[in-house]
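J.: Would you mind keeping the following structure in view while I ask a few things?
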Amino acid sequence: MTEHVVIVGGGVGGTVTANRLVKKLSREIAADAVEITIVSDNPYHVYKPTFFYVPFGDSEPEDASRPLADLVDRRIRLVYDRATAIDTDEMSIGLADGEAIDYDYLVVATGANPRPEATPGLGPQQDGYHFYDGGAATELRDTLTDFESGRLVLSVIGQPHVCPAAPVEFTMLADARLREHGHRDDVEIVYTYPQPQLHALDAVHDWMVPRFEERNIETHVDFMPAEVDSDAEVIETADGETLEYDLLVGIPEFSPSSLIAKSGLGDSWMEIDKRTLESDHAENVFGVGDVTNLPTSKAGSVAHYAAGTVVDRIAAYVRGYAPTTEFDGDAICFLEAGMEEGSHIKFDYDTDPVVRDQTEFIHWAKMAYNEMYWLTARGLA
């Protein structure tokens, strides 16, 4: 009997998991004892961190995607369709075309989706910008290129959001680019955050404070935008505070696929055990990446590390023994510090985050990783 592993989602978590499963279970696959399928509604794999560099002219939107078929092992079956339902009792997935796929083990890796239309200042008829898809990042680039004076506001509006370092990095890079082009004295840079400090992680907050001060970046904490008047170019918070802007860059609200709640896998985010990554609500179902409620960052590195745990546990089940591998909450995030300098932060469930001093080497290490990512997706790095 062939056991069928189905992975829903062709992003970082889904692709890395699939490729590693092929390596781990190569003997079983050769013996037709295991089959692996990816269900993806997009024939292209998108590496979303690339979009962050588009506004600064360092990347193009097309750099962020490659055909999924070019990244996965040929032994993986690809189904290009949208999963519309998961029946965990019958162990099957309903597809938009009306077909169904049965599974023995299921990995949900559907990610988190930006919702600018539900975020003050970023929806239709609003004039705020973001950088979480290629079109939006290009529009921001076109505007930022000609922005030489006025007030630039980076506002973290939605939480949780993917890549928690991104708003910090954008603010630092914007400062650096404006200085490089001789416009910094004519531009006020303002950073707002909806919590009582500059970042949810104490270590990042402590790292930011002196650097923002020396760069003359104005900050507002406990700042929770409730409404944005695009005509007046004013942000208003829930408690009545107002902030004027000339250029608004917002971090939008993110949400998981409606498939999660519809399938009973969580009220909103997919609810899983933080160590085993197995569903709280169904057997033989695993969650990887941003779609989950893991108490850590929604970052590609988390999905990458979590994939290894899921692969080991599924392999153990397939081979008939109790799995022992557990996820430690490993996360690593780079922090662009501007002017070709960068830092990084590494932590897990049991280790407090520490932000390293920025260096030119770390900046170029991040650039190298962005190029090398396509090997990571293939399971080669």
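The values are calculated or read from the model by the stated rules, or taken from the named source; none is laboratory data. Keep in mind that this is a model prediction, so the values were computed, not measured. For neighbour counting, all protein chains shown are included, and Cβ atoms are generated from backbone atoms with ideal geometry for every residue, glycine included. Ligands, DNA and RNA are stripped out before the accessible areas are found, and what is left, the full protein with its side chains, is counted by its heavy atoms. Shrake-Rupley method; radii C 1.70, N 1.55, O 1.52, S 1.80 Å.
J.: With springs only between Cα atoms under 10 Å apart, run a GNM on the chain and tell me which of His304, His161, His220 wobbles the most.
T.: Maximum fluctuation in the GNM of the chain, among the listed residues, is at His220.
J.: Next question. Could you give the length gained on full extension between Tyr80 and Ser26, defined as 0.36 nm per residue of separation minus the Cα-Cα distance, in nm?
T.: So the extension gain works out to 17.1 nm.
J.: Could you give the angle, 0 to 90 degrees to the nearest 10, between helix 12-24's Cα long axis and the longest principal axis of the Cα atoms of the chain?
T.: Relative to the chain, helix 12-24 is tipped by roughly 30 degrees.
J.: GNM, the chain, Cα, under 10 Å: largest mean-square fluctuation among Gly57, Gly158, Gly342?
T.: For the chain, modelled as a Gaussian network with Cα springs under 10 Å, the answer is Gly57.
J.: Is there a quick way to get the dipole size of the chain? I mean about its Cα centre, with the Cβ of Lys and Arg at +1 and of Asp and Glu at -1; what is the value in debye to the nearest 20?
T.: With Lys and Arg at +1 and Asp and Glu at -1, about 1740 debye.
J.: Sticking with this one: Over what distance in Å are the Cα centres of segment 302-367 and segment 122-194 separated?
T.: Their Cα centres are 27 Å away from one another.
J.: Please compute the modelled spin-label separation between Thr138 and His181, points set 7 Å along Cα→Cβ, answer in nm with one decimal.
T.: 1.9
J.: Moving to a separate point now. Starting from the Cα of Asp357, step 7 Å along the direction of its Cβ; do the same at Ala96; then give the gap between the two resulting points in nm.
T.: With each label placed 7 Å out from Cα toward Cβ, I get 5.2 nm.
J.: Compute the Cα gyration tensor for segment 226-381, then decide on rounded, prolate or oblate, letting a ≥ b ≥ c be the square roots of its eigenvalues: rounded whenever a/c is under 1.5, prolate when a/b is larger than b/c in the other cases, and oblate in all that remain.
T.: Here segment 226-381 falls in the oblate category.
J.: Taking all protein chains in place and a 1.4 Å probe, what share, in percent, of the accessible surface of segment 1-88 do carbon and sulfur account for?
T.: For segment 1-88, the apolar C and S fraction of the accessible surface comes to 46 percent.
J.: Under a plain spin-label model, where a point goes 7 Å from the Cα along Cα-to-Cβ, how far apart in nm are Arg115 and Asp348?
T.: 3.4
J.: Follow-up question, since we're still on this one. Please say if segment 295-381 is rounded, prolate or oblate, where rounded means a/c under 1.5 for a ≥ b ≥ c the square roots of the C-alpha gyration tensor eigenvalues, and otherwise the choice is prolate for a/b larger than b/c and oblate otherwise?
T.: oblate
J.: Zone of Val221 (label point 7 Å along Cα→Cβ, backbone N under 13 Å): which residues in segment 177-210?
T.: Backbone N within reach: 192-210.
J.: Just tell me the longest site-free run in the chain, where the sites are GluC sites (Glu not before Pro) in a DSSP loop having at most 13 other beta-carbon atoms within 10 Å.
T.: 149-282
J.: If the reach is capped at under 12 angstrom between alpha carbons, list the aspartates and glutamates near Lys23, excluding any in the same chain fewer than eight residues apart.
T.: The reachable aspartates and glutamates, counting only those whose Cα sits under 12 Å from Lys23, are Asp73, Asp312.
J.: Now, a different point. Under a 1.4 angstrom probe, counting protein chains only, how are Phe327, Phe147 ranked by accessible area, largest first?
T.: Largest to smallest exposure gives the sequence Phe147, Phe327.
J.: Tell me the carbon and sulfur percent of the accessible area for segment 161-235, rounded to whole percent, probe radius 1.4 Å.
T.: Looking at segment 161-235 in its full context, I get 44 percent from C and S.
J.: Take every Cα pair under 8 Å in the chain that's 6+ residues apart, average their separations, divide by the length, and report that relative contact order as a whole percent.
T.: 18
J.: Could you check which residue among Asp87, Asp133, Asp350 shows the biggest mean-square fluctuation in a GNM of the chain with a 10 Å Cα cutoff?
T.: Looking only at Asp87, Asp133, Asp350, the largest GNM fluctuation is found for Asp350.
J.: What's the Cα-based Rg to Rh of segment 125-254, Rh via Kirkwood?
T.: So for segment 125-254, dividing Rg by the Kirkwood Rh gives 0.93.
J.: Under a cut-off of 14 Å between alpha-carbon atoms, report the aspartates and glutamates in cross-link reach of Lys366, not counting same-chain residues fewer than 8 places apart.
T.: Asp58, Glu169, Glu336, Glu340, Glu341
J.: Separate question: Stokes-Einstein diffusion coefficient for the chain at 10 °C in a medium of 1.306 mPa s, Rh from the Kirkwood formula over Cα pairs: what value in µm²/s?
T.: 73
J.: When each pair of different Cα atoms in segment 13-144 is counted once in the 1/r mean, what is the Kirkwood radius in angstroms, to one decimal?
T.: Over segment 13-144, the inverse of the mean reciprocal pair distance is 17.2 Å.
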